[in-house]
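The structure appears below as structure tokens.
Read-outs throughout are calculated quantities, based only on the coordinates presented, and are distinct from any laboratory measurement. This one's a predicted model, so the numbers in the text were calculated from it and none came from an experiment. Because the Cβ atoms are built from the backbone with ideal geometry, glycine has one as well, and the counts that use them run over all protein chains shown.
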């Protein structure tokens, strides 16, 4: 159904279509026509175009990997985000990236791919964990130049577990252990937490009802050195603007 | 594929049998969005996928709005 995009868009379906009277001069450009239509139909004009110098990458729900998850899952797909990141890095009008997270985790490879993409960008990046940035959301949150967590937001750190088809040989365990090491190494490299401390959080007992691991709420994540600061949208945007300013003054 | 998530697998991998929404991904005027196909030439916007925050202020493409298509013969 990708050929749907070849179709032309008409006015939204629910709006009454007012026929244009004859003899009146036709608007010159398509943009004028659209503005005029809105004015006629709703009695309002379109918002003046404002171009943001920052782009916002939202990572929500499950991070979807090589398999399409069933429809009831709300997912973030890497085929959407990776081209967005490439475009943002390339576009001279985009000066900074804000990464907003509210995720329960997901595919390890896809999550690490996104984290590596964000980390390797030249443009200033700031992340903001709202609600939750659990499991594979942790490496993505720490991949940016500076990270924020909302006061009430949580991050759960727990071991990678087996799901799906399991072949019971020692290699299975070693493979999982390697996967886990990839996540731990990335987080340790990109935040202020020490490897030993992170492993302790990951394997601590008695804090989660059905699992081993730790839940860090807002300030806790900052205390452990995982996240840089507690804050919300305002602080995150100010920091991003500060980083953009620093970068542009470096160039001059 | 290894999943690293809080949710138990039975919550993620069960298939819903109830009526499946016919969701499609389309791009209109450079804005990528997920739409539900209502009729052969009519779709309802479910979600806008964009990194440009200004795209979300565009009244025409707010979730819930209908988009009708005109079929062009080439």
If A:135, A:249, A:204 are placed from fewest to most neighbouring beta carbons inside 10 Å, the sequence is A:249, A:204, A:135
Placing each pseudo-label 7 Å from Cα in the direction of the beta carbon, residue A:249 and residue A:93 end up separated by a distance in nanometres of 2.7 nm
Cα-based Debye curve of chain B sampled at q = 0.11, 0.27 Å⁻¹ gives log₁₀ I(q)/I(0) of -0.42, -1.17
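So for A:117, A:246, fewest C-beta neighbours within 10 Å to most, what's the order?
A:246, A:117
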When A:248, B:68 are ranked with the fewest other C-beta atoms within 10 Å first, the list becomes A:248, B:68
